[in-house]
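Every read-out reported here was derived from the displayed coordinates using simple, explicitly stated rules and does not represent laboratory data. What you are looking at is a predicted structure, and each value in this text was computed from that prediction instead of being measured. Quick reminder, even Gly has a Cβ in these numbers, built from the backbone with ideal geometry, and neighbours come from all protein chains shown.
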Amino acid sequence: MNNGVRLDPKAVRTFGEKSNLKGGWILLFNWLLIAFAFALPIISLNAVTVIVSLVILANRQLGLAILMHECSHYSLFKTHKLNQVLGQIFCGAPVLADLDGYRTYHLRHHSEAGTTTDPDYPNYKNYPVTNKSWTRKVIRDFAGITGLKTLYAILLMNAGVLKYDMSYQSSSADKKLSAFQVFVNLLRNLALPFIVHLAIWGALAFLGHGWLYALWWISYFTVYMFIIRVRNAAEHGNVPDLLDKNPLLHARTTYASWWERLTFAPNYVNYHLEHHLRPNIPCYNLKAFHQYLLDEGHLKEVRVATGYIDVMRQLRAV
């Protein structure tokens, strides 16, 4: 990849090695945290456990989306089949995402990053925003307004009415469809998410706590929307030069503390600059790749954000 950064191919090759064991473990770990989030209100039902549960669920909803992203690069597991099957069933479907549609969309982001034709460009171009604008965004997120708009866009994309657009800002119709074809598309495209969510509810109901399933959607429509807003903006918002092809200028890496890994940055997603330098490197190797770049002096001119509080300061105009 020609991105303005010259790396020793032999030294970097080891970072791109895939591991079914590591991929399987990180996927299992995400689902174990989801199970823990559901278990908290069972252990002790109070406002604190419910809030913590909502935060962890949102964090791991993002975690599953990130693992689906890894599978879109065929980098979580060794084989295409494992990435495709596990990525769609256990990563994409729970968060209403389609792996194939996302892959097509996301690869355009990588090929066109640093240009106005990047499909994700609308997500970042207006940063930094005013404090007033930021406050309005956060209120919309926690009020569920952003979540409802997102769900509406997802339904239209699955119906075939809108083109697949993860910035959720496309208003262009993919094609004109009859009501019957829209129904068929929705039935076909949402069948797997329906089955997966039926299984989640069924497992909770079997344990006598089916009502906990509501926490998934409360979290999705509120906390998750805020978390993905911060995570998305952190990757490319208010960077040195959003319209430069060099990832050192158009992407951001953020150091994440333990609590930030349980909120904004699951599964090493904070190493985004490194991901743009070498998209084939699995997420579980990005931290080591970051250290390699530091040791080789490639990041000496790069300002790595000290945390997501630091990032949110950078996203707002003074």
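Figure the gain on full extension for residue 188 and residue 295 (residue separation times 0.36 nm, minus the Cα-Cα span) and round it to one decimal in nm. Walk me through the intermediate numbers first.
Values: separation 107, 0.36 × 107 = 38.52 nm, distance 4.94 nm.
Gain on stretching residue 188 to residue 295: 33.6 nm.
Taking 8 Å as the Cα distance limit and 6 or more residues as the minimum spacing, I'd like the relative contact order of the stretch 192-318 as a percentage. Present the calculation step by step, with values, prior to reporting the outcome.
Working: 119 pairs, mean separation 28.4, N = 127.
Contact order relative to length: 22 percent.
Classify the stretch 218-279 from the C-alpha gyration tensor, please: rounded if a/c falls under 1.5, else prolate or oblate depending on whether a/b exceeds b/c. It would help to have the intermediate numbers written out before the result.
Details: a/c = 2.60, a/b = 1.73, b/c = 1.50.
Judged from the Cα gyration tensor, the stretch 218-279 comes out prolate (a/c at least 1.5, a/b above b/c).
Scan around residue 316 for amide H atoms under 5 Å from its own, H built in the peptide plane at 1.01 Å from N, and keep only partners 5 or more places away or cross-chain.
Here the answer is 129, since their amide H atoms fall under 5 Å of that of residue 316.
What net charge is computed for the residues neighbouring residue 137, neighbours being all others with C-beta under 11 Å from the C-beta of residue 137, Lys and Arg scored +1, Asp and Glu -1? Can you show the working numbers first?
Values: positive: 132, 136, 140, 229, 316; negative: 141.
My count for the surroundings of residue 137 gives +4.
Tell me, what is the percent relative contact order of the stretch 9-315, built from C-alpha pairs under 8 Å that lie six or more residues apart? Kindly include the intermediate steps, with their values, before the conclusion.
Numbers: 417 pairs, mean separation 71.5, N = 307.
The value is 23 percent.
What FRET efficiency would be calculated for the residue pair residue 214, residue 163, taking the C-beta separation as r and a Förster radius of 25 Å, to the nearest 0.05?
Numbers: r = 32 Å, r/R0 = 1.27.
With R0 = 25 Å, the Cβ-Cβ based efficiency is 0.20.
Non-local amide H neighbours of residue 162 (under 5 Å, H modeled in plane, Pro and chain starts lacking H): which ones?
Residues meeting the criterion, in which the H sits 1.01 Å from N, are 157, 174.
Mind giving me the FRET efficiency for residue 130 and residue 20? R0 is 51 Å, r the Cβ-Cβ distance, nearest 0.05 is fine.
Numbers: r = 47 Å, r/R0 = 0.93.
The calculated FRET efficiency here is 0.60.
How large are Rg and Dmax for the chain when calculated on the C-alpha trace, in angstrom?
Computed over the Cα atoms of the chain, radius of gyration and Dmax are 19.5, 59 Å.
Could you name the lysines in cross-link range of residue 78, using Cα to Cα under 26 Å and dropping any fewer than eight places away on the same chain?
Cα-Cα hits under 26 Å: 10, 18, 22, 287.
Please identify which residues in the stretch 268-284 have an amide N closer than 13 Å to a label point set 7 Å out from the Cα of residue 138, following the Cα→Cβ vector.
none
Can you give the net charge of the other residues whose Cβ lies under 10 Å from the Cβ of residue 272, counting K and R as +1 and D and E as -1? Please list the in-between numbers first.
Working: positive: 231, 252; negative: 235, 274.
Charge balance in the 10 Å sphere: 0.
To the nearest 0.05, what FRET efficiency results for residue 207 and residue 309 with a Förster distance of 45 Å applied to their C-beta separation?
Values: r = 37 Å, r/R0 = 0.83.
My answer for the efficiency is 0.75.
Using Cα atoms only, what is the angle between the long axis of helix 99-112 and the major principal axis of the chain, expressed in degrees (0 to 90) to the nearest 10?
20 degrees
Averaging sequence separations of C-alpha pairs under 8 Å and six or more residues apart, then dividing by the length of the stretch 86-206, give the relative contact order as a whole percent.
Details: 85 pairs, mean separation 33.0, N = 121.
For the stretch 86-206, the relative contact order is 27 percent.
Out of the stretch 94-151, which trypsin sites (Lys or Arg not before Pro) are coil in DSSP terms and have no more than 15 other C-beta atoms within 10 Å? Write out the running numbers ahead of the final one.
Values: sites: 103, 108, 125, 132, 136, 137, 140, 149; in loops: 125.
Hits after loop and neighbour filter: 125.
What residue among 253, 187, 232 has its Cα farthest toward the positive end of the dipole of the stretch 9-315, where the charges are +1 on Lys, Arg and -1 on Asp, Glu, each on the Cβ?
The Cα lying farthest towards the positive end belongs to 187.
With charges set only on the Cβ (+1 for Lys and Arg, -1 for Asp and Glu), what does the dipole of the stretch 9-315 come to about its Cα centre, in debye to the nearest 20? Before the final figure, lay out the partial values.
Working: 29 positive and 19 negative charges, 44 e Å.
Its charge dipole is roughly 220 debye.
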